[in-house]
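One structure is given below, encoded as structure tokens.
A short reminder: the numbers here are calculations on the coordinates, not readings from a lab. Just so it is clear, the model here is predicted, and its values are computed rather than measured. Cβ placement follows ideal geometry from the backbone for every residue including glycine, while neighbour counts extend to all protein chains displayed.
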Amino acid sequence: MNQRVLRLLLMTLFILLSLVNHLQATGKPDVTRHEAQLLGGALNMQIEWQSPNPVVIVRVSIGNIQKEIKIDAYDNKRNRDGYAGEVNFTLNLEGSPSEPFPYVIQLEDELRIKSDLIRGKVKTSSSQPNVIFQPQQPSMSPSMQIQIPQNISQPGVQPGTLPGVVSGVLPGSGSQQLGTLVVIIAPMMAGESGAMWRVEEGPWMRSGEAVSNLPVGIHTIEFQDVGGWIKPEDQKVMIEGGQTVTINGTYNNR
């Protein structure tokens, strides 16, 4: 009699667990956190989620701009509630918005189940937390761009590390041969933990800060070690005269 009762209890427990797993697998993905940083004409976004099933697509709409990001399997980490993950990306906007503007986020999992629409608004004010704004510098016209092959000797100019690129300032070329670099560190918790970056042994800079007066050419960006985080690999970036270049540096949890 006791064995029959035990078997009945085990069967009942198995059925209940199956029902729970089924209900969990048919739930919707959920955006648990989203942040946006605006810098000139570039909008950096970070989106985190929790989902019963792996998320495969993240869609973002800003005005007439729509971006669809495909998520790989390794971006979904299994936990007791299903799958968690995050994605970080940059959208290039037209010009530098002077007024707050809205955005819409939606997730889609591997069963084609979509999340509710998540709405947010980016404020174009440097006084607001998590938002950075800097006027975009005017672009250099094509007629002003200058490239000199390495096999041509120029007084006072050192050849760059790549063929056909000069990493220096031409005599008498003026400020158009200098550019600006901005690095946005993600996630923001890494920046708040002290993550910083620098250009070729220069001073350490925080996320969103700018290094100006960089000579035209290829420059190397180095990221600082921070406890509890795995820093990004060194990156090479091309600086163009009279322009601001914005790139991302993503730290991962240890």
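If you average over every viewing direction, what projected area does the convex hull of the Cα atoms of region 28-122 give, in nm²?
5.7
Would you list, by chain and number, the aspartates and glutamates whose Cα falls below 14 Å from the Cα of residue 123, excluding same-chain residues fewer than 8 positions away?
Hits, sequence-local ones excluded: 35, 99.
Read phi for every residue in region 193-210 and hand back ³J(HN,Hα) as whole Hz from Karplus 6.51 cos²θ - 1.76 cosθ + 1.60, θ = phi - 60°, with x for Gly and Pro.
Per-residue couplings from phi come out as 7, x, 5, 9, 9, 8, 10, 6, 6, x, x, 6, 10, 8, 4, x, 6, 10 Hz.
Could you give the length gained on full extension between residue 80 and residue 7, defined as 0.36 nm per residue of separation minus the Cα-Cα distance, in nm? Don't skip to the answer; put the middle values down first.
Details: separation 73, 0.36 × 73 = 26.28 nm, distance 2.67 nm.
Between residue 80 and residue 7, full extension yields an extra 23.6 nm.
Which order, highest average first, do 45-51, 213-219 follow once you tally other Cβ atoms within 10 Å for each residue and take the mean per peptide?
Numbers: 45-51: 21.9, 213-219: 19.4.
Per-residue Cβ counts within 10 Å, averaged per peptide and sorted highest first, yield 45-51, 213-219.
For a paramagnetic label modelled at 7 Å from the Cα of residue 192 toward its Cβ, which residues of region 73-116 fall within the zone defined by backbone nitrogen distances under 20 Å?
Within reach of a label on residue 192, which here means backbone N under 20 Å from a point 7 Å along Cα→Cβ, region 73-116 contributes 85-89.
Which pairs in the list 28/121; 121/236; 28/70 are over 29 Å apart, alpha-carbon to alpha-carbon? Write down the numbers at each step before the final one.
Details: 28/121 23 Å; 121/236 32 Å; 28/70 18 Å.
Cα-Cα > 29 Å for 121/236; rest within.
Per-residue counts of other Cβ atoms within 10 Å, averaged by peptide: what ranking do you get for 182-188, 230-236, highest first?
Values: 182-188: 23.4, 230-236: 14.0.
Highest to lowest by the protection proxy: 182-188, 230-236.
Cβ neighbours within 10 Å, averaged per peptide: list 68-79, 193-204 in order, most packed at the top.
Values: 68-79: 12.6, 193-204: 15.4.
Order by mean packing, descending: 193-204, 68-79.
Consider a paramagnetic label point 7 Å from the Cα of residue 119 along Cα→Cβ; state which residues of region 46-66 have an amide N under 15 Å from it.
What the label zone holds, given the 15 Å backbone N cut-off, is 61-63.
What size of dipole, in debye to the nearest 20, comes out for region 28-122 about its Cα centre when the only charges are +1 on Lys and Arg C-beta atoms and -1 on Asp and Glu C-beta atoms? Mind showing how you got there, number by number?
Values: 12 positive and 14 negative charges, 32 e Å.
With Lys and Arg at +1 and Asp and Glu at -1, about 160 debye.
To make sure I understand, if each residue's beta carbon is the centre and we count other beta carbons within 10 Å, what order do 59, 80, 33 fall in, fewest to most? Write out the running numbers ahead of the final one.
On the way: 59 16, 80 4, 33 12.
Lowest to highest Cβ neighbour count: 80, 33, 59.
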